[in-house]
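J.: Below is the structure I would like to discuss, written out as structure tokens.
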Amino acid sequence: MSQSEVKLLEVKDIEKIFSVKVGTFEKKDLHALNKVNFNIYKGKTLSLVGESGCGKTTVGKVILGLYQATDGKVIFRDKDIAKLEPSRRGDIQKDIQMIFQDPYSSLNPRKKIKTILEQPLKIHTNLTKKERKETILSLCDDVGIDYSYLERYPHQFSGGQRQRIAIARAMILKPELILADEPISALDVSIQAQILNLMMDLQEKFHSTMLFITHDISVVKHISDYIAVMYLGEIVEYASKQELFKEPKHPYTKMLFSTVPDIHTPLATESVLKTGEIQSPIDLPKGCFFQNRCIYKEDSCTMSHPELVDSGNQHLVRCPIVLKQQTID
Amino acid sequence: MALLEVKNLKTYFFTRNGVVKSVDGTSFSIEKGEILGIVGESGAGKSITGFSILGLIDPPGEIVEGEINFDGRDLVKLSQEELQKIRGDEISMIFQDPQTSLNPVITIGEQLMEAILYHKKGVSKKDAYNTCVEILKTVGLPAAQKRMKSYPHQLSGGMKQRVVIAMALLNNPKLLIADEPTTALDVTIQAQILYLMKKLSKEFHSALILITHDIAVVSQLCDKIAVMYAGRIVEYGKKEDVIFNPLHPYTKGLIECLPKLNDDKKRLYQIPGIMPSLLGLPKGCYFKDRCEFADEQCDVYPPQQEIDKRIVFCHKVK
């Protein structure tokens, strides 16, 4: 985090607690987010990586205003928007746009592509009809949508083309911040590369900032500047891309790396079965949240909850065992 | 003799807009205990190949030509009743989405036991129950007895997929077809499920066909690989040959565009364009519009060639 980088969005200690029914008369707290902190810098990309159920999508939805945080702050343009609904956000809303995971359900099947792309302009700008059309056409060139597509409906397109349309819709207002929630995981491998490259090109062209949410650590290398690894509603490791890929430190991050399928590594061995599954965010354990799946577990891990500590070079790790080993080395 | 031999299989769909040749002359074979991977993009015909083997093609679809020789019988010629006896017993299938392949209103136990009681007449309910608990333990589901009473919504995605795998393995099938078994799962759970499938197919000595769009998954698991494109196989051979020395430009592209952990370049390699619609296939090689080597020679569909111990369809490979 050099001084030259300008904060665009600051997430401070946000917590999100859902109340869920566990029996007929009993309700319990589900801790989706536990004091999450991070900054997003102008023109940079931060990736949130983690398994389903770790709260990465909830972070995105809180920033967008689809959920209101239970506690904490989200500061965008000197304004705390953590508890503001979209309707009370005014101008800010148009500067934060989202690309959703599934392009099959995120586009209205009854609307022509033209209408889908024009809608944000009608709501948020005072452009004339002619200007709106020009804006749409010039964006079509950037995103790789043929002009003839504008008169068609979403069902006439393949997944990759739909995701292009969804990206165009998110970009049309030239937002400052784009939240991309698993934008490529529903696509074929050969199309994934096209969409990732497109997103990087657009980011360069429009100087936009991006929060990239994914479960697949192998794709974040190409697109990220910073990476935050999440586990059960908290960040367990945070570092710049170079740092993290040079030396992943948290046992969970190491586990994520070891399970990525790759043509040059053989299939994981018996030990992979011991890695288990993410636990429910209801009734969180007292100590480290990762203790049940961790191969480095010690007695002390069950006692107290570890803090996120800087291990040097702005590489933050939430694991005292790793830090201890580091000082011995 | 091979356990399963598919010869020149053609499955067409006769739609209002024309004939869709979903599978257009595919041939491959698989031996006992072998793992075959079928790779391709959505719409390449890989799932339809799997469904054709099981006879699960509904109108307007039809198997118009070809043979599916399984253990001495041609499955194409069998009636639905005869196929029903084979499905879930000698051949079983694992579907892509565990959320939708289990019945939400019936307990896991009942669903598992049904598979045994249907195919093995004379087995008592108690024995069936015990077999089911055993198999749930084999696939690594914790608290197996308790899970028998659970409903699908009470399990996570990974656990559901384990149940589906358990169900497929119940009758010790000779052939298992897994259609994108891990696509809906996290990478950590994916690694566990893949490891399990490999281990179990070796233990049960059953053959496995793995259908997926992810060539990295295939390379970790399979002995043989068939790459499909627009309804046809374009390259088919042993894993080592296809993965480490791909010959067809499409296979090369698929491998090249994978994100690599130890690669520093920013942009990813991309195969330009998209797969043509099966209703409007180009004349000649189907891949020519996306291929950097294509020229006028490619206006004729390439003949089958056997080069470097694998089958490949491309004019430019010598």
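J.: I want to confirm something. Restricting to segment B:217-228 and keeping residues that are open to solvent by 10 Å² or more (accessible area, probe 1.4 Å) and more than 10 Å from chain A (Cβ to nearest Cβ), which single residue is nearest to residue B:246 (Cα to Cα)? Steps first, answer last, please.
T.: Filtering segment B:217-228 for residues open to solvent by 10 Å² or more (accessible area, probe 1.4 Å) gives B:220, B:223-224.
The next check asks that each one be more than 10 Å from chain A (Cβ to nearest Cβ); those that pass are B:223-224.
Numbers: B:223: 15, B:224: 13 Å.
Top of the filtered list is B:224.
J.: Among the listed residues B:253, B:273, which satisfies the condition of being on the phi > 0 side of the Ramachandran plot, within 12 Å of chain A (Cβ to nearest Cβ) and open to solvent by less than 60 Å² (accessible area, probe 1.4 Å)?
T.: Numbers: B:253 fails: on the phi > 0 side of the Ramachandran plot.
Every option except B:273 fails the conditions.
J.: Taking residue A:101 and the conditions (1) open to solvent by 10 Å² or more (accessible area, probe 1.4 Å); (2) more than 19 Å from the chain's Cα centre (by Cα), which numbered condition does it fall short on, given that it satisfies the others?
T.: All conditions are met except number (2).
J.: I've got another one for you. Inside segment A:282-307, can you point out the residues that are under 14 Å from residue A:236 (Cα atoms) and either touching a residue at least 60 places away in the same chain (Cβ under 8 Å) or open to solvent by 50 Å² or more (accessible area, probe 1.4 Å) (or both)?
T.: The answer is A:305, A:307.
J.: Does residue A:5 count as free of Cβ contacts under 8 Å to residues at least 40 places away in the same chain, of a type in the set (Asp, Glu) and more than 29 Å from residue A:126 (Cα to Cα)? Working first, answer last.
T.: On the way: free of Cβ contacts under 8 Å to residues at least 40 places away in the same chain: yes; of a type in the set (Asp, Glu): yes; more than 29 Å from residue A:126 (Cα to Cα): yes.
Here the answer is yes, as residue A:5 does meet what is asked.
J.: In addition: Can you run down the residue pairs with Cβ atoms below 6 Å, 6 or more apart or on separate chains, where the first is in segment A:178-197 and facing chain B (nearest Cβ under 7 Å) and the partner is among the basic types (Lys, Arg) and surrounded by fewer than 24 Cβ atoms within 10 Å (Cβ to Cβ)?
T.: Matching pairs, first to second residue: A:197/B:267.
J.: Taking the options A:265, A:259, name whichever one is within 14 Å of another protein chain (Cβ to nearest Cβ), touching a Ser or Thr at 6+ places or on another chain (Cβ under 8 Å) and closer than 25 Å to residue B:183 by Cα. Give the steps one after another, and end with the answer.
T.: Numbers: A:265 fails: touching a Ser or Thr at 6+ places or on another chain (Cβ under 8 Å).
It is A:259.
Here's the yes/no breakdown for (1) open to solvent by less than 10 Å² (accessible area, probe 1.4 Å); (2) facing chain A (nearest Cβ under 10 Å); (3) modelled with pLDDT of 95 or more:
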{"residue": "B:215", "(1), (2), (3)": "yes, yes, no"}
{"residue": "B:230", "(1), (2), (3)": "yes, no, no"}
{"residue": "B:239", "(1), (2), (3)": "no, yes, no"}
{"residue": "B:249", "(1), (2), (3)": "no, no, no"}
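J.: Having 1 or more residues that are of a type in the set (Asp, Glu) is the bar; report the helices (runs of 4 or more DSSP H) wholly within segment A:237-329 that clear it. Walk me through it before giving the result.
T.: Numbers: elements: A:241-246, A:251-258, A:320-328.
In segment A:237-329, the matching helices (runs of 4 or more DSSP H) lie at A:241-246.
J.: Does residue B:123 fit the bill of being open to solvent by 80 Å² or more (accessible area, probe 1.4 Å), over 18 Å from the mean Cα position of the chain (by Cα) and hydrophobic (A, V, I, L, M, F, W, C)? Spell out the reasoning first.
T.: Numbers: open to solvent by 80 Å² or more (accessible area, probe 1.4 Å): no; over 18 Å from the mean Cα position of the chain (by Cα): yes; hydrophobic (A, V, I, L, M, F, W, C): yes.
Judged against the criteria, residue B:123 is not a match.
J.: Collect the residues in segment A:220-247 that are open to solvent by 30 Å² or more (accessible area, probe 1.4 Å) and either within 11 Å of another protein chain (Cβ to nearest Cβ) or closer than 21 Å to residue A:185 by Cα (or both), keeping them in residue-number order.
T.: A:225, A:241, A:242, A:245, A:246
J.: Also: Out of all the residues in segment A:15-43, which are surrounded by 20 or more Cβ atoms within 10 Å (Cβ to Cβ) and either closer than 19 Å to residue A:226 by Cα or under 12 Å from the mean Cα position of the chain (by Cα) (or both)?
T.: A:36, A:40
J.: Filter segment B:176-202 down to the residues that are away from chain A (no Cβ under 13 Å) and either among the charged types (D, E, K, R) or surrounded by fewer than 22 Cβ atoms within 10 Å (Cβ to Cβ) (or both) and list them by number.
T.: B:179
J.: Do you know which residues across segment B:38-80 are over 19 Å from residue B:19 (Cα atoms) and in a loop (DSSP other than H, G, I, E, B)? Before you say what the answer is, go through the steps one by one.
T.: Narrowing segment B:38-80 to residues over 19 Å from residue B:19 (Cα atoms): B:38-41, B:50, B:53-55, B:67-80.
Passing the criteria: B:40, B:41, B:55, B:71, B:72, B:78, B:79.
J.: Looking only at residues that are away from every other protein chain (no Cβ under 14 Å) and open to solvent by 90 Å² or more (accessible area, probe 1.4 Å) in segment B:126-148, which one is nearest to the chain's Cα centre (by Cα)?
T.: Start the filter on segment B:126-148 by keeping residues that are away from every other protein chain (no Cβ under 14 Å), which leaves B:126-136, B:144-146, B:148.
Imposing the further condition that a residue be open to solvent by 90 Å² or more (accessible area, probe 1.4 Å) reduces the set to B:126, B:134, B:145-146.
On the way: B:126: 34, B:134: 26, B:145: 31, B:146: 31 Å.
Top of the filtered list is B:134.
Each row is one residue, and each column tells you yes or no for (1) basic (Lys, Arg); (2) within 23 Å of residue A:60 (Cβ to Cβ); (3) modelled with pLDDT under 90; (4) touching a strand residue (DSSP E or B) at 6+ places or on another chain (Cβ under 7 Å).
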position: A:111; (1), (2), (3), (4): yes, no, no, no
position: A:127; (1), (2), (3), (4): no, no, no, no
position: A:144; (1), (2), (3), (4): no, no, yes, no
position: A:156; (1), (2), (3), (4): no, no, yes, no
position: A:171; (1), (2), (3), (4): no, yes, no, no
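J.: How many of the residues in segment B:276-305 are open to solvent by less than 50 Å² (accessible area, probe 1.4 Å), over 26 Å from residue A:193 (Cα atoms) and part of a loop (DSSP other than H, G, I, E, B)?
T.: 2
The values are calculated or read from the model by the stated rules, or taken from the named source; none is laboratory data. Computed from a predicted model, the values in this text were never measured in an experiment. When we count neighbours, we look across all protein chains shown, and the Cβ atoms used for this are built from the backbone with ideal geometry, even at glycine. Surface accessibility is based on the protein's heavy atoms, side chains included, excluding ligands, DNA and RNA. Shrake-Rupley method; radii C 1.70, N 1.55, O 1.52, S 1.80 Å.
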